[in-house]
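Beneath this line is the structure, given in structure tokens, with notes to follow.
The values are calculated or read from the model by the stated rules, or taken from the named source; none is laboratory data. Predicted, not measured: the structure shown is a model, and the values here were computed from it. Cβ sites come from the backbone with ideal geometry, for glycine too, and all protein chains shown count toward neighbours.
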């Protein structure tokens, strides 16, 4: 089976591409070649790399044709963010692929009204990212069910793993939060620290994509959550981080508006986006139809990621 992975050197691709090679697939990775995978693996020596600047190729209308020219049986798109971008691929690949997989996001749902949230929950996204991703999902599932285009959508949570900084217990990406907890200093959290995050190891997201590929009949025309089992409250996450380093978390709580006054504006907005969504999503559908079994719990994922950051001097202890 020939598989093309668009954006294959990023977080998910780091684990997905070797898995596909180990399955015996003939893999082509499409990227700008501006970064290496986060983890090295011998499988990368068997991969064909095709360098394409997606933005430039979409602007001149050639991106879809160039992907179609790869003559892949399966195309996995990990870096599509607008309906127009997706539409170029659908039109170019119609009738030419046996399976098209799109990387979505939990943000398509907006606010959850019941948790853990299933794939049947209404889509009421807010913010440009979630709105665009929801439109992509709607288009692809309609094409699969009505237009005979074999699409599947997978929605990851907060992707984490060795080599990059995960969303921290304050809901943003400043490594100083980890340093504060490790040192046993007081950390302020918004509200009561009871909003949630749902981290997932990139290896488990990769496993979900492979499961969708190998369960073609069950996955075409469907969307699935690619998350780990359960979510963490900000408070619980902070307490766990401190505990890993022999400290007791010293936490204080204040209303979001008051808390945000002492935080960089960009970071405060990031936190607001995360706590407004407070993801807590079910994997029952993926478990039942794709036999998806995530290897890592959220805390196992985060501990591995944080250990890497400490060992590489990106978080000081």
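Please find, within the range 212-256, the residue that is nearest to residue 276 (Cα to Cα) out of those that are over 25 Å from the mean Cα position of the chain (by Cα) and free of Cβ contacts under 8 Å to residues at least 40 places away in the same chain.
The qualifying residue nearest to residue 276 (Cα to Cα) is 243.
Exactly one condition in (1) within 17 Å of residue 93 (Cα to Cα); (2) in contact with a strand residue (DSSP E or B) (Cβ under 8 Å, 6 or more places away or on another chain); (3) in contact (Cβ under 8 Å) with a residue 60 or more places away in the chain is false for residue 145; which is it?
Failing condition for residue 145: (2).
What number of residues in the range 216-238 are in a loop (DSSP other than H, G, I, E, B) and more than 15 Å from residue 158 (Cβ to Cβ)?
Our first condition is that a residue be in a loop (DSSP other than H, G, I, E, B); within the range 216-238, this holds for 220-222, 227-231.
Still in the list and also more than 15 Å from residue 158 (Cβ to Cβ): 220-222.
Total meeting the criteria: 3.
For residue 75, which of the numbered conditions (1) free of Cβ contacts under 8 Å to residues at least 40 places away in the same chain; (2) assigned to a strand (DSSP E or B) fails to hold?
Of everything listed in (1) free of Cβ contacts under 8 Å to residues at least 40 places away in the same chain; (2) assigned to a strand (DSSP E or B), residue 75 misses just condition (1).
Specify the residue that is farthest from residue 226 (Cα to Cα); the eligible residues are those in the range 95-111 that are assigned to a loop (DSSP other than H, G, I, E, B) and touching a helix residue (DSSP H, G or I) at 6+ places or on another chain (Cβ under 8 Å). Outline the logic, then answer.
Residues of the range 95-111 that are assigned to a loop (DSSP other than H, G, I, E, B), as a first pass: 95-98, 104-105, 111.
Right, trim to touching a helix residue (DSSP H, G or I) at 6+ places or on another chain (Cβ under 8 Å) and you get 96, 98, 104-105, 111.
Numbers: 96: 27, 98: 22, 104: 10, 105: 9, 111: 18 Å.
Only one residue tops the list, namely 96.
Count, please, the residues in the range 172-192 that happen to be surrounded by 18 or more Cβ atoms within 10 Å (Cβ to Cβ), touching a strand residue (DSSP E or B) at 6+ places or on another chain (Cβ under 6 Å) and over 15 Å from residue 245 (Cβ atoms).
1
Rundown of residues vs (1) surrounded by fewer than 14 Cβ atoms within 10 Å (Cβ to Cβ); (2) over 25 Å from residue 164 (Cα atoms); (3) in contact (Cβ under 8 Å) with a residue 12 or more places away in the chain; (4) outside the structural domain of residue 304 (by TED's automatic domain parsing), yes/no style:
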site: 18; (1), (2), (3), (4): no, no, yes, yes
site: 23; (1), (2), (3), (4): yes, yes, yes, yes
site: 28; (1), (2), (3), (4): no, no, yes, yes
site: 45; (1), (2), (3), (4): yes, no, no, yes
site: 50; (1), (2), (3), (4): no, no, yes, yes
site: 53; (1), (2), (3), (4): yes, no, yes, yes
site: 56; (1), (2), (3), (4): yes, yes, no, yes
site: 62; (1), (2), (3), (4): no, yes, no, yes
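Quickly run through the range 141-177 and pick out the residues that are over 22 Å from residue 204 (Cβ atoms) and not in a loop (DSSP other than H, G, I, E, B). Outline the logic, then answer.
First, pick out the residues of the range 141-177 that are over 22 Å from residue 204 (Cβ atoms): 141-150, 170, 172, 174-177.
Within the range 141-177, 141, 142, 143, 144, 145, 176, 177 meet the criteria.
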